[in-house]
1. Is there any pair linking a residue in the stretch 312-341 that is farther than 28 Å from V199 by Cβ to one that is charged (D, E, K, R) and part of a loop (DSSP other than H, G, I, E, B), with Cβ under 6 Å and at least six apart or on different chains, and which?
2. Just checking, does the stretch 196-210 include any residue being without any contact (Cβ under 8 Å) to a residue 24 or more places away in the chain and of a type in the set (V, I, T)?
3. State which residue is surrounded by the most Cβ atoms within 10 Å (Cβ to Cβ) when the search covers only the stretch 308-320 and only residues that are touching a helix residue (DSSP H, G or I) at 6+ places or on another chain (Cβ under 6 Å) and in a helix (DSSP H, G or I).
4. Please work out which residue is modelled with the lowest pLDDT, limiting yourself to the stretch 189-220 and to residues that are surrounded by 18 or more Cβ atoms within 10 Å (Cβ to Cβ) and assigned to a loop (DSSP other than H, G, I, E, B).
5. Determine which single condition S323 fails, assuming it passes every other condition in (1) in a strand (DSSP E or B); (2) modelled with pLDDT of 85 or more; (3) exposed (fewer than 14 other Cβ atoms within 10 Å of the Cβ); (4) polar (S, T, N, Q).
6. If I ask for residues that are assigned to a loop (DSSP other than H, G, I, E, B) and surrounded by 14 or more Cβ atoms within 10 Å (Cβ to Cβ), which ones from the stretch 331-356 would you list?
7. Return the residue satisfying two criteria in turn: it lies in the stretch 221-246 and is of a type outside the set (G, A, S) and outside any loop (DSSP other than H, G, I, E, B), and of such residues it is farthest from C290 (Cα to Cα).
8. May I ask you to say which residue of I268, I274 is at pLDDT below 85 and out of contact with any Gly (no Cβ under 9 Å at 6 or more places or on another chain)?
Amino acid sequence: MPSRFAEDVLSPRYQLRSTSEVKHTGVALTLNHSKLVPGICIFPVEVLEEIILAVLVPKRVFSSIANFSLASYQFRQIAFRNFFKTFCASSIDQWTNLRKVPGVVSWARSLESVSIVVFSQLDNLAAFTNFSSVEIDMSPEGLSTQHTFIKYLFKHLPAGLLHLTLSFLPRVDTALLSRISEKFLNLQTLQLTCTERLVDDCCWDCYEEASTCTVHSPIPDVYVDAEDLSYAFGTALVPLTKLTTLHLGIFLSELDIFQYHLYDCRCITFQTLIGPAVMGTSSFGGPDSCPQCFELFSKNVRATELFASACIARTLPALETISWSSFFAEDNPGDDQDNLTTTAWVLRKDGKVKVRRAPWC
């Protein structure tokens, strides 16, 4: 298809004559210069849009395109169309103000917001029919409200979503997965996380309290073992035949490991200079920062993560990578120690499925 030109973008006097021709030959474009108005300046709109995107990359703030948008009406439309591709609203006031921008409904291709904001704007949400990507912060929700919010959220989202991210979830279960796979059959990327709720930057008591508000380690209380969990999750996700990237932000280590660390590893013995030894509290941190937990549990947990990854990969024909939250991430290509995640890459060959913590190519 011939490239669009911004003849009317730079200035009204920059116009092609009605007899001008643009011929598309392979990759290059050739113009019949003999039929152009002398002194004309032709600039592809696609190039202008790339410039706008380059300006937005370092810092996505409106001030970065403000001057550009004031140049002309056409420049403003190009700037707005690219700036508002992402509808980002972290408060109700911000949503309301963004919604007042003419054309924002048709420009928006992705949504980034918080559940409490979205819930207050459900009627307005239905107007955004061009969303292909949605990212919702679920931190305001609890174990008793997650189901209700998800039901209304999915009702007002377009079925053609390609990318869905729900972070700070109270839990990840088959009810949620089934609801997703029933509505969004074209999903290519799915990220569901709840382990961020474990606050590990305060104290032992806060850490313990946060652990009671989320189902971060569903084995063995919810699912007997990793095989039971992977079968349940894989079955729920079967309709997602186009899914290539899956991140499930739960720990596959048993809850007993977390409890062991919480109540045993926090207490250490101090030998005083005079008198008997006394009990004290160790330096605060999760199992990921505990040498004793690493030594006792790391090997088995990491094997379990690969096993569960392979099981789920067998039910999703297009899956390329699957990630989990992990207390025992190491210095490997597939591990992210800072974010406590581990990723497995899937290889399908001769009817078999293999996984490993590194790309296969």
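The values are calculated or read from the model by the stated rules, or taken from the named source; none is laboratory data. Please read all numbers here as calculations on a predicted model, not as lab measurements. When we count neighbours, we look across all protein chains shown, and the Cβ atoms used for this are built from the backbone with ideal geometry, even at glycine.
1. Partner pairs satisfying both residue conditions: A318/K242.
2. The answer is yes, given that some residue of the stretch 196-210 is without any contact (Cβ under 8 Å) to a residue 24 or more places away in the chain and of a type in the set (V, I, T).
3. A308
4. If we take residues in the stretch 189-220 being surrounded by 18 or more Cβ atoms within 10 Å (Cβ to Cβ) and assigned to a loop (DSSP other than H, G, I, E, B), then L198 is modelled with the lowest pLDDT.
5. With (1) in a strand (DSSP E or B); (2) modelled with pLDDT of 85 or more; (3) exposed (fewer than 14 other Cβ atoms within 10 Å of the Cβ); (4) polar (S, T, N, Q) applied to S323, the lone miss is (3).
6. Matches in the stretch 331-356: N332, G334, Q337, N339, L340.
7. T235
8. After applying the criteria, what remains is I274.
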